[in-house]
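Trainee: Have a look at the structure that comes next, please.
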Amino acid sequence: MKRQSQKETGAYYTPDPVVASLIQWVVQHTQDRLAETERRMTAVLDELGLTGLVTSMTGLSAIGAAAILAETGDPRRFATGRAVVKHAGLAPREKLSGAFTGRTRLTGQGRPGLRLAAWRAVWGAQRANPVYAARYQYLISREQNKLTPTQAQTVIAAAILRQLHAVITTGQAWDPVTATHGTRRASTPLAA
């Protein structure tokens, strides 16, 4: 015999009041614990004096930065931002063997928690940060070597890690011009 759906019978499940009360308590307790954890994460950033620096990166919240730093530890222990990206497993690696050249893929090695934290940071930064939004649009729409949206978001995640490393190790606030063009400036001719 075929069971009829709730829509067909007009009957809807009404939870037991005790079960509904228990579910409501669990949800509230979880939300309270999450709020307390986020408060403690931002307190650690404040103690380290990093809140102002990390939030200078438009679109990166203090919670997002704290999650990344919780996974990396002190970024000063890495010589370069690229080392942080490799630590996360977001650095591309080409498969080579003799004359054979394979596809370039992410290593996948490194800290999965750091990859996840960087990936989550992309979502806010990509929407709120015009530098990352423009880079994303360029990567998915360029004529040669067009990337998929996921590949472009991976590039943005790696950029966030590199730039977060630079902001913390130099003690300088995030600069959109430097983030767009890098530190190399076109040389200006000297007047005679």
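The values are calculated or read from the model by the stated rules, or taken from the named source; none is laboratory data. In this text the structure is predicted, and so the values were computed from the model without any measurement. Using ideal geometry, Cβ is built from the backbone for each residue, glycine included, and neighbour counts are taken over all protein chains shown.
Trainee: Among what's in segment 157-192 and is basic (K, R) and over 18 Å from A117 (Cα atoms), pick the residue that is modelled with the lowest pLDDT. Before the answer, list the steps.
Mentor: Of all residues in segment 157-192, those basic (K, R) come to 162, 184-185.
Next, from what is left, pick out any that are over 18 Å from A117 (Cα atoms): 184-185.
On the way: R184: 61, R185: 55.
Taking the candidates together, the pick is R185.
Trainee: Let me ask another. Going by the conditions given, is R120 loosely packed, with under 13 Cβ neighbours inside 10 Å, in a helix (DSSP H, G or I), modelled with pLDDT of 90 or more and touching a helix residue (DSSP H, G or I) at 6+ places or on another chain (Cβ under 8 Å)? Don't jump to the end; show me each part of the working.
Mentor: On the way: loosely packed, with under 13 Cβ neighbours inside 10 Å: no; in a helix (DSSP H, G or I): yes; modelled with pLDDT of 90 or more: yes; touching a helix residue (DSSP H, G or I) at 6+ places or on another chain (Cβ under 8 Å): yes.
No, not satisfied.
Trainee: Going by the structure shown, is A157 hydrophobic (A, V, I, L, M, F, W, C), in a helix (DSSP H, G or I) and touching a residue at least 60 places away in the same chain (Cβ under 8 Å)?
Mentor: So A157 fits the description; yes.
Trainee: Filter segment 23-65 down to the residues that are in a loop (DSSP other than H, G, I, E, B), among the small types (G, A, S) and either over 25 Å from A128 (Cα atoms) or in contact (Cβ under 8 Å) with a residue 12 or more places away in the chain (or both) and list them by number. First the steps, then the outcome.
Mentor: Of all residues in segment 23-65, those in a loop (DSSP other than H, G, I, E, B) come to 49-50, 55-61.
Cutting the leftovers down to among the small types (G, A, S) gives us 49, 56, 59, 61.
Within segment 23-65, S56, G59, S61 meet the criteria.
Trainee: While we're here: Can you work out which of the residues in segment 124-154 that are assigned to a helix (DSSP H, G or I) and among the charged types (D, E, K, R) is farthest from M57 (Cα to Cα)?
Mentor: Of segment 124-154, the ones assigned to a helix (DSSP H, G or I) are 124-128, 130-141, 149-154.
Checking which are among the charged types (D, E, K, R) leaves us with 127, 135.
Values: R127: 13, R135: 15 Å.
Within segment 124-154, the match that is farthest from M57 (Cα to Cα) is R135.
Trainee: Give T80, T154, T148 a once-over and let me know the one that is surrounded by 19 or more Cβ atoms within 10 Å (Cβ to Cβ), at pLDDT 90 or above and among the hydroxyl-bearing types (S, T, Y). Don't jump to the end; show me each part of the working.
Mentor: Values: T80 fails: surrounded by 19 or more Cβ atoms within 10 Å (Cβ to Cβ); T148 fails: surrounded by 19 or more Cβ atoms within 10 Å (Cβ to Cβ).
Going through T80, T154, T148 in turn, the sole match is T154.
Trainee: Out of segment 74-90, which residues are in a loop (DSSP other than H, G, I, E, B), under 16 Å from the mean Cα position of the chain (by Cα) and free of Cβ contacts under 8 Å to residues at least 40 places away in the same chain?
Mentor: Residues of segment 74-90 that are in a loop (DSSP other than H, G, I, E, B), as a first pass: 74, 78-80, 89-90.
Pick out the ones that are also under 16 Å from the mean Cα position of the chain (by Cα) and you get 89-90.
Residue satisfying the conditions is G89 alone.
Trainee: Kindly list the number of the only condition in (1) closer than 16 Å to P75 by Cα; (2) surrounded by 14 or more Cβ atoms within 10 Å (Cβ to Cβ) that fails for Q172.
Mentor: The single condition Q172 does not satisfy is (2).
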